[in-house]
Every structure is written in C-alpha cells, then in structure tokens.
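The values are calculated or read from the model by the stated rules, or taken from the named source; none is laboratory data. Since this is a predicted model, take the numbers as computed values, not measurements. Note: ideal-geometry Cβ built from the backbone for every residue, glycine included; neighbour counts use all protein chains shown. Protein only, heavy atoms only, side chains kept; ligands, DNA and RNA dropped before computing areas. Shrake-Rupley method; radii C 1.70, N 1.55, O 1.52, S 1.80 Å.
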Amino acid sequence: MGIYEEALAQQDFMQAMRHELHMHPELSFQEFETTNRIERELNAMGLTCKRFEPTGLMTEIKGAHPGKTVLLRADIDALPVTEETGLPFASQTPGVMHACGHDVHTSMLLGAAKILLNHKDEIHGTVRLVFQPAEENGQGAKTIIAQGAADGVDYFFGQHVKEAIPVGSVYAAKGPRMAGAREITITVHGKGHHGGMPHQADGVDAVLAACQIVVSLQSVVSRRLNPADTGVVSIGMITAGPAPNVIPGEVVMRGTIRYRTEEVHEIIVKNMKDVIENTAKAFGATAELSLSDPFPPVINDDWASDCALAAAEKLVGKENIVPAIPTTGAEDFGNYMSHGKACFFSIGTNGKYPGHSPKLDIDENVMPYGCSMYVLTALEMLERGNKE
Ligand code: NI
C-alpha cells in the first residue's frame, strides 16, 4: 500500500476531526479547547506532547534509527468571521469561523501522525509535529519558537489549502513565496483649533498634513524602488477628530508594508521616514513613524523545495504540480526559515470562495493529498538529509 492509499484509509478519521474542530473554532492564542482536543488525540496514539504557552503543542515521532529531525507544521486558529456556509458542521461559536482552512491542516497532520507511527521502523531520524497557534495574528510561530519549537530541527515543511487549483494538485515553487510584512503607525501632530478659523492655528492642520503624507507615501514604491523589485505601502486606518467643525490636534494612521528582500525592506522604511517627517514639516506639523516587529518573508530553500517537489511528484505526478507565483500575502511560517532548510507549499481544494470568506468551501478530498504531502516530504527530507 502506498502512502496515498494509507492516507485514504484515514479519511473518515480526518473528516470527523475536521468537522469537530470546525464546529468549535477559536481565535489566535485562545485555542485552549483546540489544544486539549489535539493533545487527547495524540495521547490516544501513544504520543506525549509538549504544550506551549498560552496555546498550541508539539509531539515527536522518533524513528527506529538515528538521523536528522524534520518539523511538520499545521496552524490551528480561526478567524473573527461569521460563517455563512450553511454546512451541517458549521461553527457553533458566533462570530468565529475556521475561514482559512486551519481545521483542515490540523486534521491532515493528525492523519499524518498515524501513518508515520505505522512506519516508525523505517524512519531514520525524528519527525516533530507542531500544531501552531495564532498564525492569523502573525504572533504564533515566533512565540512557540521562543519556547523551543525549532530547537534541534534540521528541516521544516508547512502547507496551506488553496482554493484556486483543483484537488489532486500541489502549488509549489522554489524561492520567494510570501512577502515580509510590518505594520506601520504614523502619528501626525498639529494644532487643535476651530474648524472655521484655521488661520488662527497658524494653518497647522494635522488632517491636511496626514492626507499629504498618504499621497506622498505612494511615491516610495513608485519612485524609490527598482521597478523590478516588489514592495507595497498601504494605509488602512485613519483616525482623527471629535467633530466636523474642529481641526484635531492629532491624526493616527495605520497600515502595512510588504517586501521580499532585506534590501527593499530597508529602502521602504528609510524613505517612508523621510517622506513622513518632511511632508509634515512642509505643513508646519510634526510626525513620527513606528513599526511592528518584522514578519519575515517566506522564501523556499532550494534543497527543501527539491525534497517536497519529489514528494509531490510521487503523489500527484509532475503534470499536477502547479508553479506557484509569489504573492504579497504574508504567512508567519517565515519565522521558521532562519532555523533550518524550509519550504512552504499549497494544496488544491478547488473551491469557489477564497480564504477568509464567510462562505469558504473546502473539498474534503484534499485531505488524503495534504496528509500524504506531510508524510512523503518528511520521509524525503530525512532520506536525503541523512546522506549529507
Ligand atoms: Ni491560513
């Protein structure tokens, strides 16, 4: 029996797990019951777990022979979305939904655990299964890495469901996959005054300065970056003013930046700072920029990608490997990439609605494929890695 057939034999189990998780979704860092549920399932397989604070957990399957360590990652959190699928196993928690397929990832990794346990005798090395919390707020990976999740790991593999490609296909590429990201906050200080008499405040209008800053910021990507490079600067929130006839003393704007390389990251930050400070100055205001911690890009390592591509080829054949186009979306899997050779692929679900949609539909026939990708990639990485 091949790995895919073994995964097919786990379909009922994975589907039941998925329905249960889907009915009881929990938000980032609140996945307490989800963590308990996964732990019970792993314990029932005879595995012991290390829990992370506040949520998430990992376990290890040690092969019968010594060797390298590979980490397989599934994320476990849900989103603040009100489900509109009408499914019989729809969310029972108002305003929360597994709208990104993390319930599917978790179930596929639990299925993979069962298969790997059946192959312990052939495994050279260790497979660490990580059920990561808080992917949606970008904080989970770095939080559990600080608690030892990546310690002693040589290779990393993660995957995400993808609606735009058919079930039975794998979306894969070496090199850049997802962008690095940082949240930005710009605070503009002016002089609060009567809206009917702006001149009495020396014309120092924080709203006017802020609007000019938003416009000028768009010159950073269009004029400062090499057009061949990728960068994004977006402002998504502008907060100011208590009343229509009052010029407020302060405007706070929040947004996001995206980039693929450290060089572009530095160019964007430096030029944003210049534009913000000097534009404010031109209007008699002052402004400062603050940035969240960087969210590293997902750049697939060549060696790790070769292993996962070989696994995909065994599973679906070369003709069903869809070349992945890099996106400016973000994924906190990038945090693992500095700890070893890592890659992140996607797996087709042929859905009508994209991730984060309240109508997200996932063809559950994806599960044996995703489960097999976990198993086959781990085996491939160990086999090739142990020879090095
Ligand atoms: Ni997701």
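List of remarks:
- Count - residues of the stretch 149-198 that are polar (S, T, N, Q) and outside the structural domain of Ser107 (by TED's automatic domain parsing): 2
- Complete set of residues in the stretch 164-193 that are within 16 Å of the ligand (Cβ to nearest atom) and either open to solvent by 50 Å² or more (accessible area, probe 1.4 Å) or assigned to a strand (DSSP E or B) (or both): Ala164, Tyr171, Arg177, Met178, Ala181
- Of the strands (runs of 3 or more DSSP E) entirely within the stretch 1-113, those holding at least 3 residues that are touching a helix residue (DSSP H, G or I) at 6+ places or on another chain (Cβ under 7 Å) occupy 57-62, 65-75.
- Total residues in the stretch 347-364, condition more than 16 Å from Phe89 (Cβ to Cβ) and open to solvent by 50 Å² or more (accessible area, probe 1.4 Å): 5
- Condition check for Phe131: within 16 Å of the ligand (Cβ to nearest atom) and either of a type outside the set (Ser, Thr, Tyr) or open to solvent by less than 10 Å² (accessible area, probe 1.4 Å) (or both): yes
- Yes/no for Gly86 being assigned by TED's automatic domain parsing to the domain that holds Pro326, in contact with a strand residue (DSSP E or B) (Cβ under 9 Å, 6 or more places away or on another chain) and modelled with pLDDT of 95 or more: no
- Check on Asp202, surrounded by fewer than 21 Cβ atoms within 10 Å (Cβ to Cβ) and free of Cβ contacts under 8 Å to residues at least 40 places away in the same chain: no
- Of all the criteria given as (1) open to solvent by 10 Å² or more (accessible area, probe 1.4 Å); (2) in contact with an Asp or Glu (Cβ under 8 Å, 6 or more places away or on another chain); (3) not basic (Lys, Arg), the one not satisfied by Thr34 is (1).
- Residue identified as in contact (Cβ under 8 Å) with a residue 12 or more places away in the chain and buried (at least 19 other Cβ atoms within 10 Å of the Cβ) among Thr59, Thr85: Thr59
- Residue in the stretch 233-288 that is surrounded by the most Cβ atoms within 10 Å (Cβ to Cβ), counting only those that are charged (D, E, K, R) and not in a helix (DSSP H, G or I): Arg258
- Within the stretch 207-232, being under 20 Å from Ala330 (Cβ atoms), touching a helix residue (DSSP H, G or I) at 6+ places or on another chain (Cβ under 7 Å) and not in a loop (DSSP other than H, G, I, E, B) holds for Leu217, Val220, Gly231, Val232.
- Within the stretch 205-232, being under 28 Å from the mean Cα position of the chain (by Cα), open to solvent by less than 70 Å² (accessible area, probe 1.4 Å) and hydrophobic (A, V, I, L, M, F, W, C) holds for Val214, Leu217, Val220, Val221, Leu225, Val232.
- Lone qualifier among Gly329, Gly334 - being under 15 Å from the mean Cα position of the chain (by Cα) and within 12 Å of the ligand (Cβ to nearest atom): Gly329
- Odd one out for Val153, checked against (1) open to solvent by 50 Å² or more (accessible area, probe 1.4 Å); (2) of a type outside the set (S, T, N, Q); (3) over 24 Å from Tyr259 (Cβ atoms): (1)
- Those residues of the stretch 337-356 which are under 19 Å from Tyr369 (Cβ atoms) and within 13 Å of the ligand (Cβ to nearest atom), in sequence order: Phe344, Ser346, Ile347, Thr349, Gly355
- Test: residue in the stretch 68-82 that is surrounded by fewer than 17 Cβ atoms within 10 Å (Cβ to Cβ) and without any contact (Cβ under 8 Å) to a residue 24 or more places away in the chain: no
- Within the stretch 102-114, residues that are assigned by TED's automatic domain parsing to the domain that holds Leu21 and open to solvent by 10 Å² or more (accessible area, probe 1.4 Å) reach partners that are at pLDDT 95 or above and more than 14 Å from the ligand (Cβ to nearest atom) with beta carbons closer than 7 Å, at six or more positions or on different chains, in the pairs Lys114/Gln10; Lys114/Met45.
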